[in-house]
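The values are calculated or read from the model by the stated rules, or taken from the named source; none is laboratory data. Please read these numbers as outputs of a predicted model, since none were measured by experiment. Glycine gets a Cβ as well: all are built from the backbone with ideal geometry, and neighbour counts include every protein chain shown.
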Amino acid sequence: MEDDLVGAFSTAQEFVAQEVALLPGDFNDDKVVNLADFFLFAQNFGQPAAGELAVFDLSGNGTVDLTDFFLFAQNFGATADKRWAFAEVMDEIAELRLQAVGGTRAEDGRVTLRVWVDAVTDLKGFGLVMAYDPEALTFLQAEAGPGHLLHSRGGQAPLFHVLNQRPGHLVLANAITAGQAVSGRGLLAELTFQTRGAAPTNDAVFDLREAYFVGDRDPDRVRRVRQVGSTRLQPLTYFLGANFPNPFNPVTSIDYALPTTADVELTVFDILGRQVKILVSDLNHPAGFYTATWDGRDQRGRIAGNGLYFYRLRSKDFRQTGKMMLLK
């Protein structure tokens with residue numbers, strides 16, 4: 001064309017080519033939004049989103065802040081890739097273990113699962129991949145927990161979050177955004193579950209599938225923890241619950257729990273102390289949660305009369321009695 005494209009009826013405009021992330025949150029451009037991206041985000045949290053840090057400003061407000069983190073969390077796992085992180089080195093020293101408590105009727109079936117770490121060094125951030133039995137448990141919530149390790153040296157760790165969740169599966173993470181890396185032993189996370197049945201279950205199993213750490217010495221190097229544990233919900237102490245319903249007619253249930261295998265007897269007595277019925281008698285009763293049922297009959301199958309009755313759980317190391325009312 002002979003004439004100039006810019007004339008009286010046109011204006012010159014400047015266009016700048018800018019690289020756009022095809023997958024928001026994929027900060028290392030490995031085509032997957034995973035724990036490696038979380039660790040990179042945590043390193044730059046709280047910084048002005050200028051220059052190379054602009055990629056972390058997912059909200060476009062000029063700062064790498066919690067708004068960006070929540071947008072990142074929405075995209076976490078948004079890929080067909082099943083890797084939650086790529087680890088360059090294996091951490092052979094640190095050990096992760098699980099502790100599960102609760103689950104009885106007295107605790108309304110709530111189970112607390114704590115994640116502990118031992119012998120860790122140079123810990124600035126972590127990511128955990130956990131499995132549980134969705135047929136036995138429902139996940140309710142997760143938090144860093146009281147006195148957790150990342151706060152032990154006065155640092156700030158505001159990013160605790162469940163990044164991915166589906167029945168039977170959780171991915172959670174946290175990181176220090178201001179302060180030094182920590183070492184030693186301590187709590188990393190505290191999770192709450194609800195048993196799916198009315199009574200506690202011996203099938204509540206928790207499995208820590210993967211764990212990843214980063215530190216201050218080489219912040220771009222992700223370490224995978226070799227020693228990760230699993231646990232089954234098991235009583236820490238003996239327990240004898242209140243029978244339910246009470247008063248009852250004609251059947252009532254009694255929850256009890258044993259921390260170890262033991263010689264156990266659960267017996268019903270009348271108000272005069274006479275034995276009415278032995279509900280449980282086992283020389284090697286396995287540890288766990290159990291429910292015994294009394295149908296209001298004595299040892300010979302005869303119907304017991306109205307009135308107050310007592311039930312006693314007895315073992316070598318434990319003895320406790322409850323009372324119940326049979327009303328017809």
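Give GLY197, GLY184 a once-over and let me know the one that is in the same structural domain as GLU107 (by TED's automatic domain parsing), surrounded by fewer than 18 Cβ atoms within 10 Å (Cβ to Cβ) and modelled with pLDDT of 95 or more.
The unique qualifying residue is GLY184.
Looking only at segment 109-139, which residues are within 18 Å of ALA175 (Cα to Cα), under 13 Å from the mean Cα position of the chain (by Cα) and of a type in the set (Gly, Ala, Ser)?
GLY127
Which pairs do you get when a residue that is under 27 Å from ARG223 (Cα atoms), found in segment 102-121, comes within reach of a residue that is assigned to a loop (DSSP other than H, G, I, E, B), reach meaning Cβ atoms under 7 angstrom, with the pair 6+ apart or on two chains?
Filtered contacts from segment 102-121: ARG114/GLY145.
Give me the pairs, please: first residue somewhere in segment 166-188 and under 24 Å from ALA204 (Cα atoms), second residue anywhere and charged (D, E, K, R) and outside any strand (DSSP E or B), beta-carbon distance under 8 Å, and either six or more positions apart or on two chains.
From segment 166-188, the pairs are GLY168/ASP133.
Starting from residues that are assigned to a helix (DSSP H, G or I) and touching a Phe, Trp or Tyr at 6+ places or on another chain (Cβ under 8 Å), keep the ones in segment 69-85 and report whichever is farthest from PHE160 (Cα to Cα). Let's see the steps before the verdict.
Just the residues of segment 69-85 that are assigned to a helix (DSSP H, G or I), to begin with: 69-75.
Next, only the ones that are touching a Phe, Trp or Tyr at 6+ places or on another chain (Cβ under 8 Å) stay: 69, 72.
On the way: PHE69: 10, PHE72: 13 Å.
Per the stated criteria, the residue is PHE72.
Quick check on segment 88-101. Is at least one of its residues modelled with pLDDT under 90, assigned by TED's automatic domain parsing to the domain that holds LEU140, on the phi > 0 side of the Ramachandran plot and in a strand (DSSP E or B)?
no
So how many residues does segment 43-68 have that are assigned to a helix (DSSP H, G or I), under 21 Å from ASP216 (Cα atoms) and touching a Leu at 6+ places or on another chain (Cβ under 6 Å)?
0
Go through (1) in a loop (DSSP other than H, G, I, E, B); (2) within 17 Å of ALA85 (Cβ to Cβ) one by one and return the number of the condition PRO158 breaks.
(2)
Quick check on my filter: what residues within segment 271-316 are in a strand (DSSP E or B) and farther than 24 Å from TYR238 by Cα?
ARG297, ILE303, GLY307, LEU308, listed by residue number.
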